[in-house]
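Participant: Quick one: the structure is below, questions incoming.
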2 protein chains.
Amino acid sequence: MHLAALALFQALPSNSDALWLWIALGTGVAALLAAFILAKIVLSADTGTLEMQAISNAIREGAEAFLARQYKTIGILAVVLAFIVFFGYHASARTAPFALKTVISFLVGAVCSGLAGFTGMYVSIRANIRTASAARSSLNGALQTALRGGAVTGLVVVALSLIGVGALFLFFGGLEDPTHVVYQLVGFGFGASLVALFAQLGGGIYTKAADVGADLVGKVEAGIPEDDPRNPAVIADLVGDNVGDCAGRGADIFESTAAENVGAMILGAALYPVFGIKGILFPLIVHAINLIASIIGVAVVKTTDSEDPMRALNRGFYVTAVLALGGFAFAVYHMLNGPGVEPAYLLLCGVIGLITAFLFVWITQYYTESQYRPVQSIAEASLTGPATNIISGLAVGMETPAMPVIVISAALLLSYYFGVKGLAAVPDISDYAKGIYGTAIATMGMLSCAAYILAMDTFGPITDNAGGIIEMSNQPDSVRDKTDKLDSAGNTTKALTKGYAIGSASLAAFLLFSAYLEEVRSIVAAKVTAAGSAGFMPVGWSFTNINLAEIPVFVGALLGAMLTYLFSSLAIKAVGRTAQMVVKDVRDQFRENPGIMAGTSKPDYARCVSIVTGAALKEMVLPGCLAVGLPVAVGLIFRNFSSAYSAGSGIAVPTINGVPVNLGGASAVAGLLMVGTISGVLLAMLMNNGGGAWDNAKKWIETGQFGGKKSDAHKAAVVGDTVGDPFKDTAGPSLHVLIKLLATITLVLAPLFL
Amino acid sequence: MHLAALALFQALPSNSDALWLWIALGTGVAALLAAFILAKIVLSADTGTLEMQAISNAIREGAEAFLARQYKTIGILAVVLAFIVFFGYHASARTAPFALKTVISFLVGAVCSGLAGFTGMYVSIRANIRTASAARSSLNGALQTALRGGAVTGLVVVALSLIGVGALFLFFGGLEDPTHVVYQLVGFGFGASLVALFAQLGGGIYTKAADVGADLVGKVEAGIPEDDPRNPAVIADLVGDNVGDCAGRGADIFESTAAENVGAMILGAALYPVFGIKGILFPLIVHAINLIASIIGVAVVKTTDSEDPMRALNRGFYVTAVLALGGFAFAVYHMLNGPGVEPAYLLLCGVIGLITAFLFVWITQYYTESQYRPVQSIAEASLTGPATNIISGLAVGMETPAMPVIVISAALLLSYYFGVKGLAAVPDISDYAKGIYGTAIATMGMLSCAAYILAMDTFGPITDNAGGIIEMSNQPDSVRDKTDKLDSAGNTTKALTKGYAIGSASLAAFLLFSAYLEEVRSIVAAKVTAAGSAGFMPVGWSFTNINLAEIPVFVGALLGAMLTYLFSSLAIKAVGRTAQMVVKDVRDQFRENPGIMAGTSKPDYARCVSIVTGAALKEMVLPGCLAVGLPVAVGLIFRNFSSAYSAGSGIAVPTINGVPVNLGGASAVAGLLMVGTISGVLLAMLMNNGGGAWDNAKKWIETGQFGGKKSDAHKAAVVGDTVGDPFKDTAGPSLHVLIKLLATITLVLAPLFL
């Protein structure tokens, strides 16, 4: 710490550019402080009746026990991977000097991600009861409590990602040697992704196994309502909302901001001659703006008892978006300037990113809300039974990628185009690098209100839990009406943020590909330079040629697409197996203790929580290891025998002693990464939106349509909803994380593929 | 005809290579003759009782009416497209000279495909009653009748494809100028694909809409058994088996052999300096061998009343495979030779193709037969209701691409490797061209028993229909046992051939990509040559650079993957809408004529057939036009504004007046084609195998497992089976055709994208 302080001190006067870094870091720390204050406010609120507290405590204990065990498992896996990375880098004299720094940034990323998840959940599982208690007096109080609880997650996630990347950059000497230090940050993104993958997988399996298991044995077999305290799995179900939706999504967005920060900094380094260090620090400043805008956005949210809470949340979002846009413009004009730069075009790229975010949210609403055709068609198909409900839901799910793909395509083409235009007069930089930086700016624009979006997202499980606590503690109907309203808004925000998450993942994908290609170029250049006079580097060579017509790339692409299917299959099967264990335990408890159903004795909630915890953690290992293992295997295999497979496209390639540098491993991995991402994005959309549409078709029928509750149509719709659950809450969100993990793991391990 | 005969006569003495073409054409004609004799034998068989004939006639009339109306619709679409191609080619002076030849081969391809489909179905819908009648005396007679009926389809399809391609090659002057004429054949493949797409879509929608509609209103609402003559939709259901499975699959395999013949000939042209014209004619000879081997294979099939008919069919397949392999070796050693060629390696490529076919069939069996884990896991999941049945089936479906993708990857890598090795000593040809030719040989090896496979496939609907006729005409149980055995074998062969079809599609995909790239190269070369001294062509330049890191290629890839989802969604929704019309008509008939249910009067079968015919033909237009329109749109859009998007990978490119030839349109389309194919192959596997597994899980429960028929598990399994129906019989098979259509349409329209 002393050394760090010294470094900080020295950096300040010596470099005026360093001011931007200080602003970013300072804002990050301020945002943590704001989160702390928000948490204090939330925690000081009333905690309701003793009965409510008993339920809330059970949820809290279950969630904390799960998180503790999950982090232990992830910790072990992370340490193993840290060793692999360390020794992998040490296998070659060329990479050995970077081994320690990469491992350090990997571990810092993993720890920050874990910390962000833990803090967010710490507040959420305490905000739920306070929201429930506030709902007994006013809707506004409940709404504000829930949103502020959510905002703690949002701010901590974005601030820790900002501080982590910024601090590593500083301590690794980024202010002195920025263009090399950025590559040493890739470990941070990988650490974040690894934790996110297992957090989302484990949490996603937990939440849906508990939900499906509780419903199967409670609603279907025993005939008791949802959230009935006699169901031994009911607490596990409520715990699941926290560990899946809340901790999982937090880790997801943490890795998004981390990976995209690092990726954008690498691309900024490619434009170092134009913007200097400011181009590298730009992403950090955007997230500083994001934090400030989101804090203000959260602060202005206020509602009345009669208003739809969704309107209040949207007002906060609009305030955030306008402020973020203003800040973004400021940052573009002050940081992305230099001879020949036209910042107006670069700002336009950012605006394109923001518009893309809006369109994604709108499309998600169209496909998952009951007033539109898709959900209505599923509800109508329920009239002829579960089979037609399922067919119709799958057809809707398969339709959903169409519009988002067109939006993403347009966003990529336009932001690339404006990137080239904005830097047209800049010499010595290829059009390609300019265009790609345009797409990177668009991605940053899209992420410039991420903290508010995440606050809205975490609002979902808090209100869901609050509703459950009110339900189980027998509060009057007027209170229940309020929490129902909040719960319904929470369902909407959860669906919207899923749309936002996949939108940012697909737009960012290109940024991360480009960072990977740029990194491979830099490694090859270093290799050739090290060879001295034996090395030859063609003028202007860059590794921007991922040729699908080459067999290794095509095979990589096939395997990448296959990975997304197999990974989803494993995740879904894991839910099924874990749910069976829940069913078995609940049956056992009913049999062992007949007093439970009679209402004379309490079920053993903790036993059920413990069983599902153990099973979910066991089940997350296989799909997680597949996701980590396959790209590594492809890279290593093709590194060794791909020289036979060159398409010989006539490109002059770097050589050492006249032998071309073998790019087969790096190319095959690029094919896997790119086509795996395309396939993963589409599958995730199918699952998220299909699942959301099934859910809301059921809810729409429950409002009295097509026969209402207890009709045959409703029974059919319940089948669809159950099928959709592991889609939208386990496999779909895990695919988001998988996509980014592929990007970060290839960034970190690229040196091993060459 | 006179001119044709003259051309034949002149060709014969002038060129000894021409002998190979004559052998191919002669074998094709002989195979047609054999098919004619087989048809005679089948048609001369006994046609059973008057009651059976009444049912059979109703099926025949319905199927013929559908086919007539379908061909009218397809005819109109084909003529429209012929005009588009003609004027598209005439838009540029460069392509205008090929306009007429391309349109002619397009129309010949379309007509041959239609003819093959019609002939095959003509025999199938007559073989069904004869199979039923033969089953009254012996299983062997029934088996032979059904297989011979199927063999007519198999032989006609392969022979017409062979004759069509061979004759066009001859009449366009291929013996004189082979390397240019091969490009004029691309229209043949496109014509075949276009007919196949609509035949499979229309037939697939018809068959499943009739099936689902009949079941929903018959089994579920009215409570009458399947194939009950009181159900007005029962004939439509039986008609569907013919128009979907039989005509649809026939068109599918016709286009496969056509497209792959043309693609392999184009690649052969690239190796013209090595093999001469023999390398171009090799694919035709392979199909001649295929025909001879398959005729013998069909002839040896013989069974006894006690044997499992599947064993007899497999014996025939083994005979065919061994003969095909022998013939293949003969062809390789006699045709693919020249200085420096090592034919043993090339034969190895063919063997790899055959092994791939076996592995695909085995994997399909593993995922769809009841003795293995996947089907059993679905059956077991049915115990907890339809939701878990569906989840489990989808998880199995998503798992299915894993093994086939690994097999295909290995087949591509190995056949490429052996292709390079086999031609290692050949000078002046790039390793890439050698390797790609190796993969083409593997594809031909895989297709070298296509005619027998197709005979087994068409065996399926014939026995299905025979069973239906026996069921409806109240035959004794002993007869029903025989047709049940055949029906069960037919279900297996249908599943296996679907595995074979998707395997050949994925292996052939690379062949067709390469043909496209080769064609683009040849167009660019012609363009540069035409520019005279203003043109510059880098030495050894080839269009083998489909760079995913370029935005247009990546956007094309995104859109290609999206197309497969949207297309599937449209196909599935079409089934749903058409099935609703069936349900409505059946309900109307029951209401209008109460005598139907009482058994006192006959329902109006024809009305239902006519309604579903009209609806299916209307519904096939939108997905079909999407499949045709999207690649054209991408090609034309990116042709015009893609120059801003070059990755500038340092490749020397062809220029005219110093301006690089704009390859953006051709590249974007290549991205769409390749990634669309990958996505389509995986989705098709998910749907085919998932659907097959659901079907057999239901059947397994019906054998008494998990409570047997009428248990809750069975009801849940019926839901899964119904969901799987449009997957495996409409969307999945239509995706096979879509993949090949993408390949052929891009081949034909490539000149417009440049």
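Participant: Across peptide B:714-727, how many C-beta atoms of other chains are within 10 Å of each residue C-beta, on average?
Facilitator: Counting Cβ atoms of other protein chains within 10 Å of each residue's Cβ and averaging gives 3.
Participant: Report the FRET efficiency, 1/(1 + (r/R0)^6), for A:PHE83 and B:PHE358, where r is their Cβ-Cβ distance and R0 is 35 Å, rounded to 0.05.
Facilitator: Result of the calculation: an efficiency of 0.25.
Participant: Along the charge dipole of the protein assembly as shown, pointing to its positive end and built from +1/-1 on Cβ of Lys, Arg, Asp and Glu, which listed residue (A:GLY154, A:LEU267, B:MET52) has its Cα farthest out?
Facilitator: With unit charges placed on the Cβ atoms, the residue in question is A:LEU267.
Participant: If each of B:PHE36 and B:LEU19 carries a label point 7 Å out from its Cα toward its Cβ, how far apart are those two points in nm?
Facilitator: 2.7
Participant: Pull up all non-local amide H partners of B:ILE224: gap of 5 or more, or a different chain, and H-to-H distance under 5 Å with H placed in the peptide plane.
Facilitator: B:LYS219
Participant: Please state the charge dipole magnitude for chain A, taken about the Cα centre, from unit charges on C-beta atoms (+1 on K and R, -1 on D and E), reported in debye and rounded to the nearest 20.
Facilitator: Taking the Cα centre of chain A as origin, the dipole is about 680 debye.
Participant: I've got another one for you. Would you work out the charge dipole size for the protein assembly as shown about its Cα centre, treating the Cβ of every Lys and Arg as +1 and the Cβ of every Asp and Glu as -1, and quote it to the nearest 20 debye?
Facilitator: Around 940 debye, computed over the protein assembly as shown.
Participant: Taking R0 as 25 Å, what's the FRET efficiency between A:ALA68 and A:VAL621 from their Cβ-Cβ distance, rounded to 0.05?
Facilitator: With a Förster radius of 25 Å, E is 0.90.
Participant: Classify the range B:369-497 from the C-alpha gyration tensor, please: rounded if a/c falls under 1.5, else prolate or oblate depending on whether a/b exceeds b/c.
Facilitator: Oblate, because a/c is 1.5 or more while a/b does not exceed b/c.
Participant: Using alpha-carbon pairs under 8 Å, 6+ residues apart, how would you state the relative contact order of the range A:123-197 in percent?
Facilitator: Reported relative contact order: 20 percent.
Participant: Is there a simple number for the mean count of other chain Cβ atoms within 10 Å of the Cβ of residues in B:572-582, and what is it?
Facilitator: That average works out to 3.
Participant: Taking a ≥ b ≥ c as the square roots of the Cα gyration tensor eigenvalues, with a/c under 1.5 meaning rounded and otherwise prolate when a/b beats b/c, else oblate, which class fits the range A:599-754?
Facilitator: Because a/c hits 1.5 or more and a/b fails to exceed b/c, the range A:599-754 counts as oblate.
Participant: How high is the relative contact order of the range A:563-692? Use alpha-carbon pairs under 8 Å, at least six apart in sequence, and give a whole percent.
Facilitator: 28 percent.
Participant: Given C-alpha coordinates of the protein assembly as shown, what is the ratio Rg to Rh with the Kirkwood estimate of Rh?
Facilitator: 0.98
Participant: Which order, highest average first, do B:459-467, A:700-708, B:350-358 follow once you tally other Cβ atoms within 10 Å for each residue and take the mean per peptide?
Facilitator: Per-residue mean Cβ counts within 10 Å order the peptides as B:459-467, B:350-358, A:700-708.
Participant: Take the alpha carbon gyration tensor of the range A:569-639, find the square roots of its eigenvalues, order them as a ≥ b ≥ c, and report rounded if a/c is under 1.5; if not, report prolate when a/b exceeds b/c, else oblate.
Facilitator: Prolate shape, in that a/c is at least 1.5 and a/b is the bigger ratio.
Participant: Now, a different point. If we sort A:25-31, A:275-281 on the protection proxy, mean other Cβ atoms within 10 Å, highest first, what's the order?
Facilitator: A:275-281, A:25-31
Participant: Evaluate peptide A:377-388: per residue, the Cβ atoms of other protein chains within 10 Å of its Cβ; return the mean as an integer.
Facilitator: 5
Participant: Would you calculate, for the protein assembly as shown, the mean residue ellipticity at 222 nm contributed by helices, counting each DSSP H stretch of 4 or more residues as -39,500 (n - 2.57) and dividing by all residues, to the nearest 500?
Facilitator: Per the formula, -27500 deg cm²/dmol.
Participant: For a quick protection proxy, order the peptides B:130-141, A:385-396, A:232-243 by their average other-Cβ count within 10 Å, most packed first.
Facilitator: Per-residue Cβ counts within 10 Å, averaged per peptide and sorted highest first, yield A:232-243, A:385-396, B:130-141.
Participant: Over 19 Å between C-alpha atoms is what I'm after, so list which of A:LYS482/A:LYS715; A:LYS482/A:LYS728; B:LYS208/B:LYS728; A:LYS698/B:LYS584 land there.
Facilitator: Long pairs (Cα-Cα over 19 Å): A:LYS482/A:LYS715; A:LYS482/A:LYS728; A:LYS698/B:LYS584.
Participant: Heavy-atom accessible area per residue, the range A:38-170, 1.4 Å probe: how many Å²?
Facilitator: Per-residue accessible area for the range A:38-170 comes out at 35 Å².
Participant: Something else: Using alpha carbon centroids, what distance separates the range B:506-567 and the range A:46-72, in Å?
Facilitator: The two parts, judged by their Cα centres, are 59 Å apart.
Participant: Compute, for the range A:81-221, the length of the dipole vector about the Cα centre, with Cβ point charges of +1 (Lys, Arg) and -1 (Asp, Glu) only. Units Debye, rounded to 20.
Facilitator: Result for the range A:81-221 is approximately 320 debye, rounded to the nearest 20.
Participant: Check A:GLY535: other-chain or 5+ apart residues with amide H under 5 Å from its amide H, H built from backbone geometry?
Facilitator: Result for A:GLY535 returns A:ASN657.
Participant: For the pairs B:LYS494/B:LYS740; B:LYS302/B:LYS709; A:LYS72/A:LYS573; B:LYS101/B:LYS278; B:LYS498/B:LYS618, note any where the Cα-Cα span goes beyond 28 Å.
Facilitator: Violating the 28 Å limit, Cα to Cα: B:LYS302/B:LYS709.
Participant: For the range B:675-754 and the range A:259-318, write down the distance between their C-alpha centroids in whole Å.
Facilitator: So the separation of the two Cα centres works out to 44 Å.
Participant: When the C-alpha atoms of chain A are aligned to their principal axes, what extent does each axis show, in angstrom, from largest down?
Facilitator: Its Cα atoms span 86, 54, 49 Å along the three principal axes.
Participant: Would you work out the relative contact order for chain B, in percent, from Cα pairs under 8 angstrom that are 6 or more residues apart?
Facilitator: 20
The values are calculated or read from the model by the stated rules, or taken from the named source; none is laboratory data. The structure presented is a predicted model; accordingly, all values stated were derived computationally and were not measured. Don't worry about glycine lacking a Cβ; one is built from the backbone with ideal geometry, like all the others, and counts go over all protein chains shown. Keep in mind that these areas ignore ligands, DNA and RNA; they rest on the heavy atoms of the full protein, side chains included. Shrake-Rupley method; radii C 1.70, N 1.55, O 1.52, S 1.80 Å.
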